[in-house]
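First comes the structure, then the notes that go with it.
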Amino acid sequence: MDRPDLVIFDIDGTLQDTCSWWPRVLRAGLIRFREQCGLDLPSPSDDEANAVIGCKNEGVWAPFVPGHEDLWSDLRAVVLPMEVDAMTAGGDTLFAGARDLLRQLRGRGANLALASNCHSTYLAGVCRGQNLDELTDHQFCLDSPGVACKADMLRLAIEATGARKAVMVGDRNNDAEAAAVAGIPFVWRVNEHATMSGDPIRWDGGTAELLEILQFA
């Protein structure tokens, strides 16, 4: 891989250790939702909760209202403020070394962008709570103008920076698929919750490792 002039990061599961808080927040939100709607809904395991990280809209929420999938947006309305609270409560929800990685890439001249299958309220929460808006140059989500899917986010990031050599770093197949549509390389943050198709470039999470993969070492 040539050294990129733009590195586009997914957020959840890539920069943010979402698995460390999402199952707990989801289960608490389901208790509140059950009290409101009177439905007997199962409480998901950590693995079941973490399986939906990186999905969008009903792909995230519908699995947790089985038999009542049309209520997925109502569940989201209950849980979303709790997610924002978790990311803005003053704690560090990013993976160890994530901030240093972003600073080092910027220091070596790379443009940085975020591309997440979330909506603007969530994106604003994680950017505000974890300073990702200060650590990256551009941030895109499903509410960004001109965006219908993650591939659109990559296209807009490339256009915004004038990048000639961009790369996508993510943890799920939808990240790899978006990179393929955009015609740019993909680096997979290895994790136990996703089985990747093909043979992606693997990154185990270390700062020095990714800098070497991207030719910034």
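The set of residues in region 112-138 that are under 18 Å from Val84 (Cβ atoms), surrounded by 19 or more Cβ atoms within 10 Å (Cβ to Cβ) and of a type in the set (Ser, Thr, Tyr) comprises Ser116, Tyr122.
Please specify each residue of region 7-25 satisfying the condition of being of a type in the set (Gly, Ala, Ser) and either closer than 13 Å to Trp188 by Cα or in contact with a Lys or Arg (Cβ under 8 Å, 6 or more places away or on another chain) (or both).
Passing the criteria: only Gly13.
Listed here are the residues, each with its yes/no results for (1) of a type outside the set (Ser, Thr, Tyr); (2) within 14 Å of the chain's Cα centre (by Cα); (3) closer than 17 Å to Val167 by Cβ.
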site: Met87; (1), (2), (3): yes, yes, no
site: Asp92; (1), (2), (3): yes, no, no
site: Ala110; (1), (2), (3): yes, no, yes
site: Ala115; (1), (2), (3): yes, yes, yes
site: Ser120; (1), (2), (3): no, yes, no
site: Asn131; (1), (2), (3): yes, no, no
site: Cys141; (1), (2), (3): yes, yes, no
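Say whether the condition of being basic (Lys, Arg) and surrounded by fewer than 15 Cβ atoms within 10 Å (Cβ to Cβ) is met by at least one residue in region 179-202. The answer is yes; a qualifying residue exists. Screening Gly29, Gly67, Gly54, Gly90 for residues that are outside any helix (DSSP H, G or I) and buried (at least 19 other Cβ atoms within 10 Å of the Cβ) leaves exactly one candidate, Gly54.
Do the conditions hold for Asp12, that is, is it surrounded by 15 or more Cβ atoms within 10 Å (Cβ to Cβ) and of a type in the set (Asp, Glu)? Taking the combined requirement at face value, the residue satisfies it.
Pull out all pairs, ordered by first then second residue, where Cβ-Cβ is under 6 Å, the residues are six or more apart or on different chains, the first lies in region 155-166 and is within 12 Å of Ile8 (Cα to Cα) and modelled with pLDDT of 95 or more, and the second is of a type in the set (Val, Ile, Thr) and in a loop (DSSP other than H, G, I, E, B). Going by the 6 Å Cβ cut-off, the qualifying pairs are Ala166/Ile184.
The values are calculated or read from the model by the stated rules, or taken from the named source; none is laboratory data. Remember, predicted model here, so these are calculated numbers, not experimental data. With ideal geometry, Cβ positions are generated from the backbone for all residues, glycine too; neighbour counts draw on all protein chains shown.
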